[in-house]
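Working notes for the structure below.
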């Protein structure tokens with residue numbers, strides 16, 4: 001099971017400038033003890049972290065939790081994804097996303113560099129603006145990587161991840177979030193991938209989007225882990241039902257996906 005430290009969640013709440021009383025209310029709302037904020041090494045599950053993130057985003061009306069000078073209002077991810085679904089391949093989708101970021105925001109945009117060795121996706125801050133909070137860099141890169149994985153229906157390994165901030169106390173959590181080596185104190189926040197991945201076709205449709213958004217941030221934050229264990233989750237469900245019969249539809253309902261998505265994910269895993 002994927003877990004993250006309470007130190008990471010506490011840093012996120014602090015970066016969002018949430019008061020202790022408001023943080024306590026949000027955590028209690030999702031069944032977490034706020035006293036854990038004082039225990040940075042305590043681990044919480046992917047599900048608990050995602051629930052806390054969703055509750056905080058709803059309370060703040062900001063899908064990026066006040067980490068940027070201008071809010072990403074609720075629905076920003078949905079409409080971004082809608083604009084990417086009919087792209088021919090990942091290259092077209094990423095360039096389209098870069099254009100959208102330039103069109104909608106004057107404080108931040110994505111830079112896609114295919115001339116460098118491999119593919120480099122960097123976060124560019126407009127000159128004269130103060131640097132972004134460390135967790136703003138972190139979550140924006142994770143959104144880009146996680147949504148890209150979802151669009152093509154498979155895990156996308158990373159050559160490396162660069163952050164411009166110093167190594168934080170919770171740096172070990174990045175091993176659970178990024179499938180590649182992470183480097184700190186770099187000149188610019190960026191993802192580095194194999195350029196061949198750009199030719200992967202987009203495999204998602206509007207019918208898949210609602211499920212993706214309902215589980216947000218889980219499916220983009222824990223992209224690798226979620227894909228990797230679908231077959232194991234299905235085996236566990238079937239074992240628990242024995243000797244009762246089960247159908248694809250009943251299994252999909254328990255696993256919180258559509259039957260179509262279940263079949264596709266199992267095919268992706270070669271199951």
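The values are calculated or read from the model by the stated rules, or taken from the named source; none is laboratory data. None of these values were measured; they are calculated from a predicted model. A quick note on method: Cβ atoms are made from the backbone with ideal geometry, for glycine too, and the neighbour counts reach across all protein chains shown.
Things to note:
- Any hit, the stretch 131-150, residues being outside the structural domain of residue 7 (by TED's automatic domain parsing), out of contact with any helix residue (DSSP H, G or I) (no Cβ under 6 Å at 6 or more places or on another chain) and in a loop (DSSP other than H, G, I, E, B): yes
- Of all residues making up the stretch 67-79, the number that are assigned to a helix (DSSP H, G or I) and without any contact (Cβ under 8 Å) to a residue 40 or more places away in the chain: 2
- The listed residues are 105, 120, and the only one of them that is out of contact with any strand residue (DSSP E or B) (no Cβ under 6 Å at 6 or more places or on another chain) and under 30 Å from residue 168 (Cα atoms) turns out to be 105.
- Residue within the stretch 203-225 that is part of a helix (DSSP H, G or I), buried (at least 17 other Cβ atoms within 10 Å of the Cβ), in contact with a helix residue (DSSP H, G or I) (Cβ under 8 Å, 6 or more places away or on another chain) and at pLDDT below 80 present: yes
- Yes/no for residue 27 being in contact with a helix residue (DSSP H, G or I) (Cβ under 7 Å, 6 or more places away or on another chain), crowded, with 21+ Cβ neighbours inside 10 Å, without any contact (Cβ under 8 Å) to a residue 40 or more places away in the chain and part of a helix (DSSP H, G or I): yes
- Pairs with Cβ under 8 Å, 6+ apart, first in the stretch 31-42 and more than 17 Å from residue 168 (Cβ to Cβ), second outside any helix (DSSP H, G or I) and at pLDDT 95 or above: 32/44; 36/42; 36/44
- The residues on offer are 64, 103, and the sole one that is within 19 Å of the chain's Cα centre (by Cα) and either outside any helix (DSSP H, G or I) or modelled with pLDDT under 95 (or both) is 64.
- Per the conditions (1) surrounded by 15 or more Cβ atoms within 10 Å (Cβ to Cβ); (2) touching a helix residue (DSSP H, G or I) at 6+ places or on another chain (Cβ under 7 Å); (3) in a helix (DSSP H, G or I), the sole criterion not satisfied by residue 83 is (1).
- Restricting the stretch 164-197 to residues that are under 21 Å from residue 89 (Cβ atoms) and over 19 Å from the mean Cα position of the chain (by Cα), the residue that is surrounded by the fewest Cβ atoms within 10 Å (Cβ to Cβ): 196
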